[in-house]
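The values are calculated or read from the model by the stated rules, or taken from the named source; none is laboratory data. If you're wondering where the values come from, they're calculated on a predicted model, not measured in any experiment. Here the Cβ positions follow ideal geometry from the backbone for every residue, glycine too, while neighbour counts run over all protein chains shown. Accessible surface is based on the protein model in full, side chains and every heavy atom, while ligands, DNA and RNA are left aside. Shrake-Rupley method; radii C 1.70, N 1.55, O 1.52, S 1.80 Å.
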Amino acid sequence: MEKKNIDWSNLGFGYIKTDKRYVSNFKEGKWDEGAIIDDDMIVMSECAGVLQYAQTVFEGMKAYTTEDGHIVTFRPDLNADRMETSAKRLEMPVFPKEKFLDAIDQVVAANAAYVPPFGTGASLYIRPYMFGINPVIGVKPADDYQFRVFTTPVGPYFKGGVKPLTIKVSDFDRAAPCGTGNIKAGLNYAMSLHAIVTAHKEGYDENMYLDPKTRTKVEETGGANFLFVTKDNKVVTPKSDSILPSITRRSLIQVAQEYLGLEAEEREITLEEVKDMAECGLCGTAAVISPVGKIVDHGTEICLPSGMTQMGPITQKLYDTLTGIQMGRIKAPEGWIRVIK
């Protein structure tokens with residue numbers, strides 16, 4: 001398929017409308033067959049459940065062109081699993097896993113002309129989402145839902161190279177104890193908007209949220225998980241019931257163990273420990289790993305030994321290995337890569 005006339009190497013990380021999207025409706029207790037459609041507009045009641053009570057969940061993933069020319073997605077089965085968990089927590093019907101995977105395949109194939117060529121540093125971002133669509137005025141779950149998937153070509157998260165971030169320890173809580181911090185619900189991201197705008201005004205790139213019960217343990221930022229490297233080259237990530245189970249983080253732990261031969265574990269990490277870490281990064285779909293150079297705790301600066309000029313050596317190896325797997329340069333573990341065409 002002939003590619004669209006897009007300056008792939010200069011794409012930013014923003015929305016560009018593509019030709020096709022997928023939609024399926026849940027009515028009278030069941031999902032319909034679903035279909036690829038042209039129309040990007042959504043029509044709903046002014047009293048739709050999503051507008052009144054924020055009953056919506058979503059996922060984020062990417063499609064890539066590999067070195068040998070295939071279009072692939074990375075571990076979409078885990079996105080399907082996570083969306084199932086999110087839907088159940090918000091009393092929404094589960095969109096079946098096989099239908100989810102088929103929907104992703106269909107919408108990526110239908111927009112193949114928008115999948116950036118290999119070597120451009122760009123990819124096709126994929127956004128599956130579900131929301132309550134019928135009128136709901138009393139506080140209760142909606143009866144009818146819509147599941148949709150749209151795509152948009154995006155450039156690398158960092159234009160002009162990766163630069164280590166400066167982060168502040170936030171005074172706000174991202175999630176409540178026993179709340180919804182471990183699911184990918186729109187309301188969680190709305191909760192973080194004031195905190196991130198405040199951080200940016202103060203000159204910081206991101207927030208470090210602490211655990212909401214004791215405010216002594218590292219949790220995550222508004223949109224990414226933390227990953228640390230100790231001074232003896234052990235990879236550790238925070239363990240908590242109120243952070244999102246990142247697919248990128250889980251993949252990096254496995255890469256550290258199986259490809260790099262490093263010790264790696266998920267465990268509770270106290271804020272007090274951070275000053276003794278050698279490297280720190282934020283991991284997620286958008287940038288894979290974003291290095292952190294400095295963390296500021298109410299005026300006390302914690303500077304990571306990897307410095308403020310470049311990614312730390314272990315973090316760099318993790319980044320290179322995982323992106324190599326995604327792009328087909330390095331053999332992937334069984335089931336990690338789903339070939340679409």
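Some observations on this one:
- Scan of region 293-327 for residues that are of a type in the set (D, E, K, R), in contact with a strand residue (DSSP E or B) (Cβ under 6 Å, 6 or more places away or on another chain) and closer than 15 Å to L260 by Cβ, ordered by number: none
- The single condition among (1) acidic (D, E); (2) under 22 Å from N79 (Cα atoms); (3) touching a Lys or Arg at 6+ places or on another chain (Cβ under 9 Å); (4) surrounded by fewer than 21 Cβ atoms within 10 Å (Cβ to Cβ) that E268 does not satisfy is (2).
- Residues of region 1-22 that turn out to be crowded, with 18+ Cβ neighbours inside 10 Å and either acidic (D, E) or under 15 Å from V107 (Cβ atoms) (or both), as a count: 4
To keep it simple, each residue is scored yes or no on (1) over 22 Å from G181 (Cβ atoms); (2) at pLDDT 95 or above.
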| site | (1), (2) |
| --- | --- |
| L271 | no, yes |
| S290 | no, no |
| I314 | yes, yes |
| K317 | yes, yes |
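- When region 72-88 is limited to residues that are in contact (Cβ under 8 Å) with a residue 60 or more places away in the chain and open to solvent by 10 Å² or more (accessible area, probe 1.4 Å), the one that is farthest from I325 (Cα to Cα) turns out to be T85.
- Scanning region 306-341 for residues that are without any contact (Cβ under 8 Å) to a residue 60 or more places away in the chain and either surrounded by 14 or more Cβ atoms within 10 Å (Cβ to Cβ) or within 24 Å of N233 (Cβ to Cβ) (or both) yields P313, Q316, K317, Y319, D320, T323, G324, K331, A332.
- Of the residues making up region 96-120, those that are open to solvent by 10 Å² or more (accessible area, probe 1.4 Å) and aromatic (F, W, Y) are Y114, F118.
- Identity of the residue in region 26-67, in contact with a Lys or Arg (Cβ under 8 Å, 6 or more places away or on another chain) and among the small types (G, A, S), that ends up surrounded by the fewest Cβ atoms within 10 Å (Cβ to Cβ): G60
- Out of A256, A286, A278, sole residue that is among the small types (G, A, S), in a loop (DSSP other than H, G, I, E, B) and farther than 20 Å from D171 by Cβ: A286
- Unmet requirement for V108, which otherwise passes all of (1) within 16 Å of the chain's Cα centre (by Cα); (2) in a helix (DSSP H, G or I); (3) touching a residue at least 60 places away in the same chain (Cβ under 8 Å): (1)
- Residues that are among the charged types (D, E, K, R), open to solvent by 50 Å² or more (accessible area, probe 1.4 Å) and in contact with a strand residue (DSSP E or B) (Cβ under 9 Å, 6 or more places away or on another chain), drawn from region 121-170: R127, D143, K163
- Filter pass, D241 being in contact (Cβ under 8 Å) with a residue 40 or more places away in the chain, among the acidic types (D, E), open to solvent by 20 Å² or more (accessible area, probe 1.4 Å) and out of contact with any strand residue (DSSP E or B) (no Cβ under 9 Å at 6 or more places or on another chain): yes
- When D68, D7, D19 are screened for being modelled with pLDDT under 95 and more than 24 Å from G284 (Cβ to Cβ), only D68 passes.
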